[in-house]
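Rule-based calculations on the coordinates, nothing more; no lab input. As the structure is a prediction and not an experimental result, all values here were calculated from the model. Cβ sites come from the backbone with ideal geometry, for glycine too, and all protein chains shown count toward neighbours.
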Amino acid sequence: MTGKTAFETRHGFARNQVLLDNWRESPFSRWSFQNVGELVPSARVAAVPGSGEIPVQDFGGLLDEKVALAGGPETVAAFLTRSDSDALTIMKAGKIVGDWFAPHMQFGARHIIFSISKSLTAILAGILEGEGVFDPQAPVTRYLPEAAGSAYGDASVRHVLDMSVSLDFEEAYLDPESAFARYRRATLWNPGEGTESLADFILTLQRLAEPHGRIFRYRSPNSDLLGILLERASGQRFAELSREKFWLPLGATSEASVTVDMEGTARTAGGISVTPRDLARVGEMMRQGGMAYGRRIVPEAWVRDTVSAGGDTEAWQRGAMAFLFPKGRYRNKWYQTGAASGAFCGIGIHGQWLYVNPTAEVVIAKMSSQPEPVDEPLDVDTVAVFEALSRIV
């Protein structure tokens, strides 16, 4: 009888048990969400070398604070455990307040952020818009003529950015027979790849009868398409574009990565992995109106439009996520909460959050390995915890 390996002792399962068909399932996701590149081909996005960062792990009793939730008072520490959190980083007025990590995640590790990838990709769109090489009002076909026969044939880039494309597609995360499963095979996220690229899949999608722009419809292929449009407009591959225009100017201290398909097309809808600190830096840059370390990253007007001024309230109310932010809006792949604080956020499945509260000058990055892709009651509790933390720190 052989003893357990160090990997098994730490994680509770063997490395060879983590496969392409189960990497998003618990308990394997506790490891795979930090090591996606071992399972799915990925492109690297370089960072500023030699940061020498050290963890700040003393939250000063913050974890023992009780928060009022629908189910009753709960400590922050208990909530982090209940929500299968892997990491939490909080910034206040531009400074790190603290870092918290679950036992299976180490300081400096990268973690997949799923659909917060959409929010980061949209920042690149804002940068290119500011340079005059990308027009959100242009038809999709200006940059991608081959989209003419698809749902995007009469859609604008603005429809893509604001998730208001009238797209005949459902985010059926758990249905192995759905078009969504075919989509994930095209991204190389599921077994059975090799016959269809991500771009090929997207261009087979058709539209619904209703007009574009009327309803907020959360459909991830829109955001992968955005990455393709940015590549066409800039003439650069996504990882190269991200490194040059965003990641290095931001002052990110750790390398990022993004999963790619059989043609090297980046999964900009959900394939980006970053550290909690660097994710918080993105939020701080947005809080600062597009500035980081005295450098202009993205135009201030674009940030203002994204986090407060833009977005269609009526389209949001007609959509399926109005329960989370009853007064909210969606603009450039960021959520405006509609709260008096002006809070806005990026959200990813399995519990990924980047929350920014401008009034409190607080940024919170939370990474998780929640078993379910979507847990609506837990999302509501998470927002409540973030609001409470913003008052406490």
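Odds and ends about this structure:
- Greater than 29 Å apart at Cα, pairs in LYS245/LYS327; LYS66/LYS118; LYS92/LYS118: LYS245/LYS327; LYS66/LYS118
- Relative contact order (%) - criterion: Cα under 8 Å, at least six apart; region: the chain: 23
- A crude spin-label estimate for the pair ARG182 and LYS4, with each label 7 Å from Cα along the Cβ direction, gives 4.3 nm.
- Rg of the Cα atoms in the chain, relative to 2.2 N^0.38 Å, amounts to 0.94.
- For the range 243-274 versus the range 76-143, the gap between their alpha-carbon centres in whole angstrom: 11
- Ordering GLN34, SER119, PHE79 by Cα displacement along the dipole of the range 1-147 toward the positive end leaves GLN34 in first place; charges were set at the Cβ atoms of Lys, Arg (+1) and Asp, Glu (-1).
- Between ARG214 and ASP21, residue separation times 0.36 nm minus the direct Cα-Cα distance comes to 65.9 nm.
- The protection proxy used here, the mean number of other Cβ atoms lying within 10 Å of each residue, ranks peptides 24-30, 62-68 as follows, highest first: 24-30, 62-68.
- For the chain, modelled as a GNM whose springs connect Cα atoms under 10 angstrom apart, the maximal fluctuation among GLU196, GLU131, GLU300 occurs at GLU131.
- Cα-based shape type of the range 106-177, given that a ≥ b ≥ c are square roots of the gyration tensor eigenvalues and the cut on a/c is 1.5: oblate
- This model, with +1 at the C-beta of Lys and Arg and -1 at the C-beta of Asp and Glu, gives the chain a dipole about its Cα centre of some 720 debye.
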